[in-house]
Every structure is written in C-alpha cells, then in structure tokens.
Amino acid sequence: MHPEQPSTPAPERRLARLLRFYLGAVVFILPFKFGGFVTNGEQAHFPLDVWEWLFFTCLPSYLAPVLCGIGLLASVLIHPRPRRDCGLLAPLVWSLPLLAGAVGLLRTTERDYAWQWYGHFAGVAAMAWAAWWCRAADRKIVPVLLNCLTAAALIVALHGWRQHFGGLAAMQENMEAFSVEQGVQVQEVMKQKMAQTRSYGTFVDPNVYAAHLLLCFPLALLALRSWARRFTPQRLSLVLFVGGGIVLFGGALFWSGSRGAAIGLAAGLGLAAWHWPRLRQWRWHGLLPVLAVLLALTAFAVLARQQSRDGLKSASARIEYYRAAVHLIRQFPISGAGLGEFFPWYMRLKPLLAEETRDPHNLLLSMTSQCGLMGMLAALAIVGLPFYLAWRPLPNRRHLALRAAACAGAGAWGVHALFQFNELIPATVCLVPVIGMMALVNLSPEEETASSADDEAAAAPLAPVWLRVVLVLGGCLACLPIGRVPGERILQVVSSSRDLHPEKAIAMLREASRRLPRSPVPPRMLAEFGMALRHLDIAVEGAEEMTRRTPHRAAAHLRLARLRILRGEWELAETALEQAALWYPGDGDVYMLRALARVSRTEPSFQKRLQWWDMTSAARSVAKELGDKVAVSIVSPDSILLRDLFNAVPLTYPDGRAILFVKEGE
C-alpha cells in the first residue's frame, strides 16, 4: 500500500513524511559534519559545547553510522515490506564489506580501528537498506534526497571557490595571529594545510573533496536542469542553471588539484556517454570504454606534467603503498592481514624516508590486503556496480537521464577510489548507495498500477518477514558506536582542561580506559600524565596497556622502552626495543634508544644516566641511507655530545649494515 494514498492512516503518513525529511537532512549534513577520516584513534575527538557541535567542527566519525542506523530502524518499522526487485542489488553489494570485515577481524591486533571500521560500514549498509526500503513505499523520497544532495553539493563547491579566492590565505593569517595572541604553537600539519593552494572545501583533504564533487556533479546538474524548468524563459534559465553548475563544479574540481579526479571524471563521462541512445545504436559502441580510458590517461598525463614535482612524488609514494599491500596479499591471500594491520605492516616494510600512511590509497588493495579474498570480491563489486547498472538495458527511456547521472557519479567515485581512501570518508561513502538507488528504475505509481493490473500474479513477491528482523538487528548494530560517547567525552575534557587536578585527571583517564577498552588513546594519555608528574609506576601502567592494545605499533614499544631505561630495567627495555625495531626498523629513535640503553647499562652514576636520558628524550632522529651504512641524524641542541656518545656503541641495521650517528646537516 502506498503511504501517500488516502487509505493510509494519517499517523503513518506523518511518520513517513518525518522519515523522508530525516533522511534528507542526513544526506544534507554529511559533507559538512563528516568530512574527516574514520578511525582517527590517535586523539580525543568530541565537541565540548553546542556551538562547537553546530558550527565549528566536524562531528566524530563514529556518529555517522548512528544516524544511518536510526534511519534504517525507522524505515523498516514505518513502511510496509517492499517487493523484491533489481533494487536489492545495491544494498546487497554494500553489505559485502560487513562479511569481508568479519574475516578481517580474525587476525587484527588493531581492535579499536577494526571495530570503528566495522561500525562505519554497518552505517553505510544501513543507509543502503534504508534507501531501498523507503524507495518502494515512498515515491517522494528520491526527489527529496536528490534535492538535498544537490543543495549541499552546491554549498560545498562554493566553499572551494571561496578558499581559492583568498579564503586559504585569510585563514592562514588568522591562524598565525591567534597563535601569537594565545602563545600556542600551530601544529606542523596545520601549517602545511594552511600553506597549500589546493581547495579542500569542508573536507580534510583536497583529494577527498574532489571525490565528493565527482560523486555529486552529474546528479546536481540533473537537479539544476529540473529547477531551471520552473522559470521562464526556459532557454535562458537552462543556460544559467546548468551552465553555471558546470562552471561551479568544474572550477572547484580543478582547484582541488587532484590528478586521480581527472581519471574519475573521464570514467564518469564514459558512463554517461554509454547511456546515450544514439551511441547505443552505433556499430562501434563497445569501443566507448576504450576511448574513456585513453581520455583518462591523457588527462592524467597533462596534469602530471603541469605539476611534475608533486606528481612524481605522489606517484612514487603510492608505488610504495601498493608494494606493501601486494606483500600482505601474497602473505595472507585468504584471510588478509587483518583490519587496520596495513599501517603497522607498512611501517615495517617501507624504505627509509618513505612517507607514512595508514591506508594504501586504493580501495581494492586496501580491502584485499586486510580482508583477503572476501575483501577483494567486495571491492570489485562496489567499483563494478555502476558499470553493471550502465550495461543493464532500461525498459523505457523515461528514467534514462537519472540513471545516466547516477551511474556517472558513482562510477567516477569508484574509479577515484582506486587512487584514494574514499571508502573511509563517511560524507561520501554513505551517499554512494543512495545514488546507486537512483540508478535503478523507479516506476511511477501510474506505471506500477497499470503493470500490476495487467497481471497481478506476475508481481514480484514481497520481501520475507525475516529480512525485516535482520534489518532491525542491522540498524541496532549501526547504532552501537554511540557507546563511545561517554569515554570520548572524558578524554576531551582531560585534554582540554588546563587546571585539572593531576589525581582527578588520572582517575578520569582510567575511567576512559575502562569505557574504551580497545582504544590506545587513554593509556597513551595516562603514560604522558605519569611522565609529566614523574610517577613512573603510572607511566609504565599506561605504556604497558598501550602495547597490549596495539602490539604491532613501534611507537607504543618505544614509549615503554624509554620508561624501562629510566628505571634501569635493561632486559625489559631490550625486549621492547626489539619489538619496536621489528615493526618500524626505519625509525631512528629505535637506534638512539638502543645506544642509550647500552651506554647507560655500564654507567654507575644515576645522575649521569638521567642527564643522558633527558637529552635523548628531547632529541629526535631520522634514519637515512649513507652508502653502505645507515646514518641516524640527531636533531637536538646536544647533538654533538649524543653523536659521540652513541657512536661508541656498535649497532647494526636489520639488514646487517652498520649504524652511524651524525649531527643534523652532516
């Protein structure tokens, strides 16, 4: 029964209307509040007041699946069971990462990352199922979602224009003025972000911003064309609306500086052209994908030539990402290395001075290296779905433009995901299954009534009752990340309060650790508080717990090794340093601490050992190639003293090369 028909009870119609606008609101706010990465488990991330919630920050990524889960629960409880149709393909495809993630949970030691990743994709699947369930019962849901998506995309594109024409420079000046006024040093990452000339809109990265523009560009043009027809003369309004949209999105996409976006755009154009009826009748219609590939490669070559230095640097970095991912695929072909394990394994395998990363910047390699064969199948299905939908014939041309635009946007996003971590950004990935729904034929009520009147028995059967039960459970699963809120808020209070009593801070951190039993952040902060207060027992407590929660992270073992050296626990310090060297052999601090442990072990004076320890703790080091040796460059005011002290200890790199300590600049 259609929810908008007069026979539908008024309360149900009101609930359906509220649900429609709720889903539209979620689609609208996603790019503004969830443009960050999933599983940012290195720091507290929780707004402290309502103004910060509303205007000044992205919301925690783990709240996005909660919003999607609420939408799914409301959909299956308000609307009747839909009929089984081809639309089931989209939610089924977006449920595959949950199966792949279950395999990835088997080997993982990054439990916090893994469960946040799993909750994230539970939210994406919930959004896909909610869109499918509502689409069959509410014929207004697609226009509402399309208009909300377009309105948000227009604002996001305008934000990129504002950044290009003075917004980034003004933001940098304000940040520097605030730093001087408050006496707070701006983080190096923030300085680099402010100094760049690439627009990033409301997202954390220009490449992710480009992915969102690719996804929304075609459908936004379709919506603008529909809006233009409300005005007269239509010829002028079409030129203004559609032409203005092309300029707006094209400029924002260009100023994002994403080379991968050029390939995605070419793929999207190819999918859109594939739908053109006249081209479908062309004898050489099958050559269109080849032409699209050639166009993509040409665009990529032109952009790479324009930005040769950055392009070559980015390409070489990605080659290292891919090499590490392929190594994991060969070592763990069936089950994968485990969710979140790419980061520690990459740190273990990467060459000296290579860039650090938490993801291989490729959807297929990321899923396959961490989730094995099932992850590969899920990634191929996600990327291939819009191409399959473009290949399927339409029963009529009534919905040709909608499907062409949806396939073009989703296809461009999927191709771009082979060069970026699009799947880890809630603002974009939660919209992809919604757009996939728009690519499927949605018969009007009149068409559906006529077809069912001809042959009622030929109608597709209703979805089984057990599916409603499963989806209710799935909606509850997507809402589980809400349990992180109390612990995350405690962490934010501790990290933001300057006048908090030390004992109270330690008690709060222990409570946060209890509420977040897998997160490495509470024990890390506990270790830092213990060191600041010189309570070594508390510091060791936090450091040991951090190594237990993230046993494959070299930084956790290095933190523990520093404390072991300070306490004179030489055997335990060596054990921690062995683990640190195993998981990050290219970290210069590993060899600096090894040298410190060996010279301190033979020094009877505690004051001398403490002096060396303080100097080493204030120093940083970088390992680099130096002929047949590995040089460890020491960055410290006491670099000469430390260099001479540590060179007295013979150390070797894991491949047998000698370690040579040098002063910065030597």
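What to note about this one:
- R0 of 45 Å, Cβ-Cβ distance ASP614-ALA102: FRET efficiency to nearest 0.05: 0.40
- Of the trypsin sites (Lys or Arg not before Pro) in segment 343-401, those whose Cβ has at most 10 other Cβ within 10 Å and which sit in DSSP loop: ARG397
- In a fully extended conformation the segment linking TRP391 and ARG81 would gain 108.7 nm over its present Cα-Cα distance, using 0.36 nm per residue.
- For segment 513-659, a Kirkwood hydrodynamic radius built from all Cα pairs, placed in the Stokes-Einstein relation at 10 °C and 1.306 mPa s, yields a translational diffusion coefficient of 101 µm²/s.
- Part-to-part distance (alpha-carbon centres) for segment 232-269 and segment 619-653, which is given in Å: 53
- Here the Karplus relation 6.51 cos²θ - 1.76 cosθ + 1.60, evaluated at θ = phi - 60°, turns the backbone of segment 620-632 into coupling constants of 10, 9, 10, 8, 8, 6, 8, x, 8, 10, 10, 8, 10 Hz, with x for every Gly and Pro.
- The local environment of ILE155, defined by Cβ-Cβ distances under 13 Å, has a net charge of +2 under the rule Lys, Arg +1 and Asp, Glu -1.
- For segment 593-609, backbone phi angles converted through the Karplus equation (6.51, -1.76, 1.60; θ = phi - 60°) give residue-by-residue couplings of 6, 5, 5, 4, 4, 6, 6, 6, 5, 9, 9, x, 7, 5, 4, 5, 4 Hz, Gly and Pro being listed as x.
- By the count of neighbouring beta-carbon atoms within 10 Å, fewest first, GLU545, GLU569 end up ordered GLU569, GLU545.
- Counting Lys and Arg as +1 and Asp and Glu as -1 over every other residue whose Cβ lies under 14 Å from the Cβ of LEU364, the net charge comes to -1.
- For segment 465-482, 3J(HN,Hα) computed residue by residue from phi via the Karplus equation (6.51, -1.76, 1.60; θ = phi - 60°) reads 4, 5, 5, 4, 5, 4, 5, 4, 5, x, x, 5, 4, 5, 7, 4, x, 4 Hz, glycine and proline entered as x.
- Förster radius 22 Å - calculated FRET efficiency between VAL649 and TRP570, Cβ distance, rounded to 0.05: 0.95
- Label positions at HIS501 and LEU400, each projected 7 Å from the Cα along the C-beta direction, are separated by 7.5 nm.
Where a number appears in this text, it was derived from the coordinates with a stated rule and is not lab data. In this text, all values refer to a predicted model and were calculated from it rather than measured experimentally. Glycine also receives a Cβ, built like all others from the backbone with ideal geometry; neighbour counts cover every protein chain displayed.
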